[in-house]
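A.B. asks: Quick one: this structure, given as structure tokens, is what I'll be asking you about.
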Amino acid sequence: LCNKMWRFMANYDLLLTPTLAVPPFPVHMQGPEVIEGRMGRNADWLCFTFPANMTGQPAATIPAGFTKDGLPVGLQIIGRHLDDRTVLKASGAFERARPWAHQWPALLETLGL
């Protein structure tokens with residue numbers, strides 16, 4: 001997997017993916033059993049994050065928006081091996097283009113947090 005990722009990333013500076021394959025789910029849940037109408041394995045919802053974790057690619061997750069229910073959705077930025085600098089620069093550029101620090105999920109505002 002490490003070699004495949006290295007060869008793939010040789011053609012790209014960054015790989016952008018959703019952070020998770022599903023919107024946020026209840027706190028006490030291990031993960032959703034059904035994704036897009038199909039039964040899934042217990043870690044299918046992590047399909048975008050584990051390749052970066054397993055191969056040692058630098059990666060950052062940043063807020064990219066909110067679901068219709070007001071829950072956060074993440075964007076994952078993955079860089080070439082040991083290229084943390086480019087990942088951090090891209091994360092900063094995205095935040096400047098789409099500032100998010102002032103936005104909070106509606107659920108937190110409802111709770112007075």
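A.B. asks: Counting Lys and Arg as +1 and Asp and Glu as -1, what is the net charge of the other residues whose Cβ lies under 14 Å from the Cβ of ILE62?
C.D. replies: Charge balance in the 14 Å sphere: +2.
A.B. asks: State the answer as a single residue: which of GLN30, GLY92, CYS2 lies farthest towards the positive end of the charge dipole of the chain, with beta carbon charges of +1 for Lys and Arg and -1 for Asp and Glu, about the Cα centre.
C.D. replies: Checked the options; the winner is CYS2.
A.B. asks: What is the list of residues in region 46-68 whose amide nitrogen lies under 12 Å from a point 7 angstrom out from the Cα of LEU1, following Cα to Cβ?
C.D. replies: 46-57
A.B. asks: In addition: Name the residues of region 61-91 whose amide N is less than 17 Å from a point 7 angstrom out from the Cα of LEU14 along the C-beta direction?
C.D. replies: 61-65, 74-91
A.B. asks: Next question, about the same structure. Which residue, ASP44, ASP83, ASP69, tops the fluctuation ranking in a GNM of the chain built on C-alpha contacts under 10 Å?
C.D. replies: Sorting by GNM fluctuation, first place goes to ASP69.
A.B. asks: How would you order 11-19, 28-36 from highest to lowest mean count of nearby Cβ atoms within 10 Å?
C.D. replies: 11-19, 28-36
A.B. asks: Non-local amide H neighbours of PHE66 (under 5 Å, H modeled in plane, Pro and chain starts lacking H): which ones?
C.D. replies: VAL73
A.B. asks: Now, a different point. So if each residue of separation counts as 0.36 nm, and I subtract the Cα-Cα distance between ALA93 and ASP44, what length gain in nm does that give?
C.D. replies: Extending this stretch completely gives an extra 14.7 nm.
A.B. asks: How big is the charge dipole of the chain about its Cα centre, in debye rounded to the nearest 20, if each Lys and Arg gets +1 on its Cβ and each Asp and Glu gets -1 on its Cβ?
C.D. replies: 360
A.B. asks: May I ask for the net charge around ARG80, where only other residues with Cβ less than 12 Å from the Cβ of ARG80 are counted and Lys, Arg are +1 while Asp, Glu are -1?
C.D. replies: Its environment carries a net charge of -1.
A.B. asks: Still on this structure: Taking only the Cα atoms of the chain, how large is their convex hull per residue, in Å³?
C.D. replies: Dividing the Cα hull volume of the chain by its residue count gives 130 Å³.
Read-outs throughout are calculated quantities, based only on the coordinates presented, and are distinct from any laboratory measurement. Computed from a prediction, not measured in an experiment: that's the story for all the values here. Neighbour counts are summed over all protein chains in view; Cβ atoms, including those assigned to glycine, are modelled from backbone coordinates with ideal geometry.
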